[in-house]
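Each remark here refers to the structure printed beneath this line.
The values are calculated or read from the model by the stated rules, or taken from the named source; none is laboratory data. Keep in mind that this is a model prediction, so the values were computed, not measured. Positions of Cβ are generated from backbone atoms using ideal geometry, with glycine treated the same way; all protein chains shown enter the neighbour counts. We work out accessible area using only protein heavy atoms, side chains counted, and drop any ligands, DNA or RNA first. Shrake-Rupley method; radii C 1.70, N 1.55, O 1.52, S 1.80 Å.
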Amino acid sequence: MKQFELPIGEDYTDIVPLDEGGMGVIFRARKVNLGVDVVIKRVRQGLEHRLNQRSEADILKTLKHRYLPRIYDIIDGHDGYLYTVMDFIPGCDLEKYVKKKGAVDQKTALKWTRQLCEAVEYLHSQTPPIIHCDIKPKNIMITEQGDICLIDFNTSLIYQSAEMRAIGTSEGYAAPEQYNVDIGKLEKSLQQVSDSDETVLVDDATQTIQWETVPRLVTLATRAKSYGTVTLRTDVYGIGATAYFMLTGYRPALSLDEVIPLERYDIRLGDAFASILERAMQQQPKKRFQSAASMLEALQDLKKSDAQYKKYRRTYQLTETFLALAAVFCLALTWIGWRQMQTGQDSAYMQLVEEGERLGEELNYEESYLVLSEAIMQEPERLEAYSALAALLYRQGQYQECIDLMQEAENIEIGNDERAEQLFANISYITASSHFYLGEYAEALRNYQTAAALCPDVTDYVRDLAVCYAKTGDMQQAKETLDTLNSMQPNQADVLLASAEIADLSGDTQGALSMLKQVVSLTEDENLLLRSYMMLVDVCEKLGADYLEEEITQLQTACSRLDGSRNAVLAERLADAWMGLAQAYPERQEEGWQQALSCYQSLMDSGYQTIAVRQNFAMAQQYLGQYEQAEQTLADLIADYPNDYRGYLRLAFLQADMQDEKPVEQRDYTEFWNYYDQTVEAYAAAEAAGTADTEVLRLKELAEQIVQAGYTR
Amino acid sequence: MDHSGLLFYVGIAGLIVIGILFLISLIAFHIWSKKILNRLNDEYD
């Protein structure tokens, strides 16, 4: 074979021509220093203007990919040609392969298209990217291993600006934008061409479309002398067109013309693959895959392009969205329903508490107690009912019951709820006051401290805390707390009450009385009034019988100033005071017992029927000579409290009085002894529990007198 | 008639029904996608 001499240096021998194409001649040679066969492509003058820059040539030489030939050198020959030296790839190009063996099957086409995408993706990923610009079957070698190799970079561009123009075109494989024609106008024109026999012609000078009678616009557009701009999507079109050829064996019509749809060929082609190729070959670049990488991604995940799979995805998403929305709707319904239930429950609870409070204010203590207890059973973790019930018991003077009940409330978790803190502080305050009245000052102090710690701004809590400190003997703390109270700018009555308590404890009873009188004249606060009057009564009692009149006057004022719900304890104290007056002043006995009877009667009528009240009521009846009524009152008391000695005790005294009223010969102490025995028996149990009652001793003395008088059993 | 809590129970019932529908749809979609993928595998692999 005739060997050629080329002006590319001494390193190449055995140079023989292989082929001659539109853009130059291809030689095969041996590269001596590497000992490999190479292909040398000589490009005609005028076509190498893009790649004759040394820097760009150097970029091409760095390429290394399994589906690209290695480019050893790009040489500017002395003869004005550009020589590209690259790997010799044994095998034949895709065009010859298809012509020889026919169109390839779908699986092979898919494999080669993926390989082509990988190679082009590699080129596009360079910095700056390399656009091949001439992807076609003739530039794809099929290796002996059955893989592809993309060759011929003579028309490739180093993509450095958006305005780069193509160097040449390959009919059928060049993307529409490689021609210098407005694509939008062409598409419109093509539509019109198909609608009529008229066609358009591109004017080379103005690049405008003129209506003429030329058969096909696209053919003429191909003949345009200048080329259009290229982008990465230009190569995507080339890949699509090459795959089209692989599958059909036909070039995809003329460039810029409508591509014959793949469905028209009698080939086995999946819907997904076909749709990918159609997208790759869109005339508008923006409608194609944005890069070879995204096309490769679509090819590797074919299901995403499958129409049935798309339908499946759409249905799946719609169903899931619908179910999610329905779930949100149902969740909202559940939440609203739950809130309604909570509100209903809360409302029922608060109604019970309000009802209990109302009954308490109407002095219907028993009903109030039941209603509030029911509220506690409904919501044992809430404090409102506890607070109301504590206030109710406190008002009735049932201090021990109040303390016992509040022990249950102590374990309720209050968290950071301000309302719960206030309620808990109030409960602690009432419990503390109950302990205070029972003389349990250490316990009272602990509860006052809790109340004052939870609500340090409430002057009542601080005031009573100061008093309680004084009661426990801690005068230093009492004074400091009093200073704190003064710093809170309380009303004068608060300070006076605390000062009165401290004065009383210090032995200045007269001073305490004076201050307490000032307190009740200064304030209208019911709590403060109740407390002040209670203390005033204690102070008067401490000052002796001379102050009984003062005590009664103050208590009468107190009962008229405070409403009915609060004056039960005061009314009892008033009745007791009248009873004390009757016993202390014989000349006022009748008046005293009458007034006491009246007070006890009012208490009994209002439902305030403690054992002490009933017992004293009977005693007043007895002293006023109402024996039968007194007997009935005590019989009722015994029926309600059969194990309490006090009913029997008073009946024994009553029987003794009744017999005293009779002539000596008619006296019969049988009933007396009967009640006496029952008193002694019931009192034994009470005595064992720590009770010591001087009235029982008085009864025993009376029994001895009766025996001495000759009235034996 | 006391209707308090009706919404709550309707909501709970709805959630249960949606839960069942969700499970059924998951199974149905799994079968459908398996069928499509098998066909695609036959076509291209």
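Okay, here's what the table says:
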quantity: Matching entry among A:67, A:72, A:97 (being in a helix (DSSP H, G or I), away from chain B (no Cβ under 14 Å) and aromatic (Phe, Trp, Tyr)); calculated: A:97
quantity: Qualifying positions in region A:368-404 - under 18 Å from residue A:439 (Cβ atoms) and assigned to a helix (DSSP H, G or I); calculated: A:393, A:394, A:399, A:400, A:401, A:402, A:403, A:404
quantity: Verdict on residue B:15 being facing chain A (nearest Cβ under 9 Å), open to solvent by less than 80 Å² (accessible area, probe 1.4 Å), at pLDDT below 90 and in contact with a helix residue (DSSP H, G or I) (Cβ under 7 Å, 6 or more places away or on another chain); calculated: no
quantity: Residue within region A:255-262 that is under 17 Å from residue B:36 (Cβ atoms) and either in a loop (DSSP other than H, G, I, E, B) or away from chain B (no Cβ under 14 Å) (or both) present; calculated: no
quantity: Cβ pairs under 6 Å, 6+ apart, first in region A:510-532 and farther than 14 Å from residue A:433 by Cβ, second part of a helix (DSSP H, G or I) and of a type in the set (Asp, Glu); calculated: A:512/A:504
quantity: Test: residue in region A:335-350 that is without any contact (Cβ under 8 Å) to a residue 40 or more places away in the chain and away from chain B (no Cβ under 14 Å); calculated: yes
quantity: Top-ranked residue of region A:474-487 - restricted to ones that are modelled with pLDDT of 85 or more and either aliphatic (A, V, I, L, M) or in a loop (DSSP other than H, G, I, E, B) (or both), ranked as surrounded by the fewest Cβ atoms within 10 Å (Cβ to Cβ); calculated: A:474
quantity: Residues of region A:694-713 classified as at pLDDT 90 or above and in a loop (DSSP other than H, G, I, E, B), total; calculated: 0
quantity: Number of the exception - residue A:189 against (1) at pLDDT below 65; (2) closer than 27 Å to residue A:114 by Cα; calculated: (2)
quantity: Subset of region A:301-323 [at the interface with another protein chain (Cβ under 7 Å from one of its Cβ atoms), in a helix (DSSP H, G or I) and either in contact with a Gly (Cβ under 8 Å, 6 or more places away or on another chain) or among the hydrophobic types (A, V, I, L, M, F, W, C) (or both)]; calculated: A:302, A:323
quantity: Residue satisfying all of: in region A:120-140; within 60 Å of the chain's Cα centre (by Cα), in contact (Cβ under 8 Å) with a residue 60 or more places away in the chain and part of a helix (DSSP H, G or I); surrounded by the fewest Cβ atoms within 10 Å (Cβ to Cβ) among these; calculated: A:124
quantity: Residue match in region A:523-545 (condition: hydrophobic (A, V, I, L, M, F, W, C), more than 53 Å from the chain's Cα centre (by Cα), under 20 Å from residue A:620 (Cβ atoms) and in a helix (DSSP H, G or I)); calculated: yes
quantity: Per-region count, region A:298-333, residues under 24 Å from residue A:259 (Cα atoms) and at pLDDT 95 or above; calculated: 0
quantity: Criterion violated by residue B:40 - all others in (1) open to solvent by less than 70 Å² (accessible area, probe 1.4 Å); (2) more than 7 Å from every other protein chain (Cβ to nearest Cβ) satisfied; calculated: (2)
quantity: Residue A:328 being away from chain B (no Cβ under 14 Å) and either more than 30 Å from residue A:602 (Cβ to Cβ) or crowded, with 16+ Cβ neighbours inside 10 Å (or both); calculated: no
quantity: Single residue of region A:548-579 satisfying the filter (free of Cβ contacts under 8 Å to residues at least 24 places away in the same chain, under 60 Å from the mean Cα position of the chain (by Cα) and open to solvent by 20 Å² or more (accessible area, probe 1.4 Å)) that is nearest to residue A:391 (Cα to Cα); calculated: A:567
quantity: Flag for residue A:274 being touching a Phe, Trp or Tyr at 6+ places or on another chain (Cβ under 9 Å) and open to solvent by less than 60 Å² (accessible area, probe 1.4 Å); calculated: no
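One line per residue, one yes/no per condition, for (1) in contact with a Leu (Cβ under 7 Å, 6 or more places away or on another chain); (2) modelled with pLDDT of 90 or more:
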residue	(1), (2)
A:591	no, yes
A:602	no, no
A:614	yes, yes
A:618	yes, yes
A:640	no, yes
A:647	yes, yes
A:650	yes, yes
A:666	no, no
A:673	no, yes
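One line per residue, one yes/no per condition, for (1) of a type in the set (D, E, K, R); (2) open to solvent by 20 Å² or more (accessible area, probe 1.4 Å):
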| residue | (1), (2) |
| --- | --- |
| A:372 | no, no |
| A:379 | yes, yes |
| A:386 | no, no |
| A:392 | no, no |
| A:410 | yes, yes |
| A:422 | no, yes |
| A:425 | no, no |
| A:428 | no, no |
| A:440 | yes, yes |
